[in-house]
Amino acid sequence: MKKIVILISGRGSNMEALIAARDAGTLPVNIVAVISNRVEAEGLETAAKSGITTHFINHKAFAGREAFDSRLAQCIDEFEPDLVVLAGFMRILSDGFVRHYEGRLINIHPSLLPSFPGLHTHHCTVHFVTPALDHGPVIIQAAVPVLDGDDEASLSARVLQQEHIVYPQAVRWFVEDKLTLENGRVRIAAELAEPPVLISPEIR
């Protein structure tokens, strides 16, 4: 069974979705550690209650981004993970860190990348992380409709629901060896679309 390490900075709702999928038997993975750069991150307590080892590394205690990333990588590597999952980890990672985990570092972003980087858009994308911020090769995307009467809160909640579906799906493909990154392109099993796009039920 493949091992993953999850990085968080807050509640870690996508981390919760991964734990739930693991516990339900739909995600065959060993979550070996959850690491946060913020001691107050609610997700650390959630992970600990789920029997997962947790660590806190204060980024403010380091002289710069590279020094923090070096310590973070050292901590991650102690667990020898097959995959590193960013789940609301609010840090821009250095090029060296990203290259160290090339092909086994993924993130989810609330937009349809690469067309709409940034926040407050109405799609979500799971992608491999590259040195170019929010422009890594796409693994899976979900489209979320804007409904009559939507406000920012209701739309954000709908996007988050889709994130909790597509992120466990992407991780499952990886740990089942159906997903790789080769020469900057996502390679997935023949039975899967490339890249898959899930459509929210509200617009079917």
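The values are calculated or read from the model by the stated rules, or taken from the named source; none is laboratory data. Fair warning: this is a prediction, and the values are worked out from it, not measured in the lab. Cβ atoms come from the backbone with ideal geometry, glycine included; neighbour counts cover every protein chain shown.
Residues in the stretch 37-52 that are within 23 Å of Gln169 (Cα to Cα) and among the polar types (S, T, N, Q): Thr46, Ser50. Name, by its number, the condition in (1) out of contact with any strand residue (DSSP E or B) (no Cβ under 7 Å at 6 or more places or on another chain); (2) over 17 Å from Met15 (Cα atoms); (3) at pLDDT below 75 that does not hold for Leu112. For Leu112, the failing item is (1).
Within the stretch 160-176, which residues are modelled with pLDDT of 85 or more and over 13 Å from Lys3 (Cα atoms)? Steps first, please.
Here is the first cut: in the stretch 160-176, the residues modelled with pLDDT of 85 or more are 163-176.
Once the filter is applied, which keeps residues that are modelled with pLDDT of 85 or more and over 13 Å from Lys3 (Cα atoms), the stretch 160-176 yields Glu163, His164, Ile165, Val166, Tyr167, Pro168, Gln169, Ala170, Trp173.
The strands (runs of 3 or more DSSP E) found wholly in the stretch 1-96 and carrying at least 1 residues that are closer than 24 Å to Ala132 by Cβ occupy 3-8, 30-36, 83-86. Restricting Gly43, Gly64 to residues that are in contact with a strand residue (DSSP E or B) (Cβ under 9 Å, 6 or more places away or on another chain), within 24 Å of Phe97 (Cα to Cα) and not hydrophobic (A, V, I, L, M, F, W, C) narrows the list to Gly43.
Scanning the stretch 34-45 for residues that are within 21 Å of Val166 (Cα to Cα) and more than 13 Å from the chain's Cα centre (by Cα) yields a single hit, Gly43. Scanning the stretch 127-145 for residues that are at pLDDT below 80 and either out of contact with any Pro (no Cβ under 8 Å at 6 or more places or on another chain) or among the polar types (S, T, N, Q) (or both) yields a total of 4. Hey, does the stretch 187-194 have a residue that's surrounded by 20 or more Cβ atoms within 10 Å (Cβ to Cβ) and modelled with pLDDT of 70 or more? No: zero hits.
The residue that is surrounded by the fewest Cβ atoms within 10 Å (Cβ to Cβ), counting only those in the stretch 60-108 that are on the phi > 0 side of the Ramachandran plot and among the small types (Gly, Ala, Ser), is Gly103. For first residues located in the stretch 42-57 and over 15 Å from Ser13 (Cβ atoms) and among the aromatic types (Phe, Trp, Tyr), partners that are part of a strand (DSSP E or B) and modelled with pLDDT of 95 or more and lie 6+ apart or on another chain with Cβ distances below 6 Å form the pairs Phe56/Ser36.
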